[in-house]
1. Which one of these does Ile121 not meet: (1) at pLDDT 85 or above; (2) under 25 Å from Leu196 (Cβ atoms); (3) in a helix (DSSP H, G or I); (4) among the hydrophobic types (A, V, I, L, M, F, W, C)?
2. For the stretch 158-217, which helices (runs of 4 or more DSSP H) that fit wholly inside it have 1 or more residues that are in contact with a helix residue (DSSP H, G or I) (Cβ under 6 Å, 6 or more places away or on another chain) and within 28 Å of Ala122 (Cα to Cα)?
3. Could you please give the count of residues in the stretch 52-64 that are of a type in the set (A, V, I, L, M) and either in contact with a Lys or Arg (Cβ under 9 Å, 6 or more places away or on another chain) or closer than 18 Å to Tyr30 by Cβ (or both)?
4. Run down Asn107, Asn127, Asn151, Asn144 and say which single residue is polar (S, T, N, Q), crowded, with 19+ Cβ neighbours inside 10 Å and farther than 25 Å from Phe86 by Cβ.
5. Which residues, counting only those in the stretch 118-171, are touching a residue at least 12 places away in the same chain (Cβ under 8 Å) and of a type in the set (Phe, Trp, Tyr)?
6. Can you tell me how many residues in the stretch 78-89 are under 12 Å from Pro38 (Cβ atoms) and over 17 Å from the mean Cα position of the chain (by Cα)?
7. Taking the residues in the stretch 11-21 that are free of Cβ contacts under 8 Å to residues at least 60 places away in the same chain and either more than 14 Å from Lys80 (Cα to Cα) or crowded, with 22+ Cβ neighbours inside 10 Å (or both) as candidates, determine which candidate is farthest from the chain's Cα centre (by Cα).
8. Looking at (1) farther than 20 Å from Pro104 by Cα; (2) at pLDDT below 90, which is the one condition that is false for Pro169?
Amino acid sequence: MDVANLVQLIALYAIPAIFAITLHEAAHGYAARYFGDPTAYEKGRISLNPIRHIDPIGTLLIPAVVLFASGGKFAFGWAKPVPVNFGMLRNPKRDMLWVAAAGPGANLFMAVLWALLFKFIAVMPVNYFSEPALRMAEGGIIINLVLMVLNLFPMPPLDGGRIAVSLLPHRLAYQFARVEPYGMIILMVLLFTGVLGAVMLPIIGVAWYVLRTIFGI
């Protein structure tokens, strides 16, 4: 893919990516407040303002570099994590599951909304904006499915890791939670060895197929 097409791809995917990250993080904060922890609310992180969630390195620089390096085939990044004090939740071990699941749940919700938009655009009369709008909607679906599946990977500090800690018996949960300081290093190793992609891509493919089947796109 040449530079011009890559720039166009980034421009079309920027809005879906920002929405995906913003609502994902805000959902964590909202769920935490609902279950008794006001930390994210007090710090202004339950917000749809993307500036409050964007990490200049993880949200902007790293994804752009990885996207260019992979020829537009792959992107990887992160936002500023919403602060959650699990000790303030009414039932920390149980409620941790719902707080963690809120982010991927928000991504699934957005993937469905982008699929609805794709279907709406597809049945409307073709105009100058039809093709870029369809590509943006498709990007919104893919970005949210990728974020959902990635964050459900059972490795702390990802949401899937916190869900696993919530579900495991106390002793196993404690031992598993101790992996968190090394979680990102392990994930990067899995990413660059291709293991993470081998696990994620079939799941993303199934989710994409289900949405296409449901909405006829």
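1. Failed condition: (2).
2. On the way: elements: 159-167, 170-177, 180-192, 195-215.
Because the criterion is at least 1 residues that are in contact with a helix residue (DSSP H, G or I) (Cβ under 6 Å, 6 or more places away or on another chain) and within 28 Å of Ala122 (Cα to Cα), the helices (runs of 4 or more DSSP H) in the stretch 158-217 that meet it are 195-215.
3. Taking the stretch 52-64 first, the residues of a type in the set (A, V, I, L, M) are 54, 57, 60-62, 64.
Checking which are either in contact with a Lys or Arg (Cβ under 9 Å, 6 or more places away or on another chain) or closer than 18 Å to Tyr30 by Cβ (or both) leaves us with 54.
Residues in the stretch 52-64 being of a type in the set (A, V, I, L, M) and either in contact with a Lys or Arg (Cβ under 9 Å, 6 or more places away or on another chain) or closer than 18 Å to Tyr30 by Cβ (or both): 1 in total.
4. On the way: Asn107 fails: farther than 25 Å from Phe86 by Cβ; Asn127 fails: crowded, with 19+ Cβ neighbours inside 10 Å; Asn151 fails: farther than 25 Å from Phe86 by Cβ.
Answer to the selection: Asn144.
5. Keep residues of the stretch 118-171 that are touching a residue at least 12 places away in the same chain (Cβ under 8 Å), which gives 118-119, 121-122, 132-153, 155-167, 170.
Phe118, Phe153 - these are the residues of the stretch 118-171 that are touching a residue at least 12 places away in the same chain (Cβ under 8 Å) and of a type in the set (Phe, Trp, Tyr).
6. The qualifying residues number 4.
7. First pass over the stretch 11-21, keeping only residues free of Cβ contacts under 8 Å to residues at least 60 places away in the same chain: 11, 14, 18.
Adding the requirement that they be either more than 14 Å from Lys80 (Cα to Cα) or crowded, with 22+ Cβ neighbours inside 10 Å (or both) leaves 11, 14.
Numbers: Ala11: 19, Ala14: 14 Å.
Checked the stretch 11-21; the qualifying residue farthest from the chain's Cα centre (by Cα) is Ala11.
8. Pro169 satisfies all of (1) farther than 20 Å from Pro104 by Cα; (2) at pLDDT below 90 except (2).
The values are calculated or read from the model by the stated rules, or taken from the named source; none is laboratory data. Worth saying up front: this structure is predicted, and the values here are computed from it rather than measured. Cβ atoms come from the backbone with ideal geometry, glycine included; neighbour counts cover every protein chain shown.
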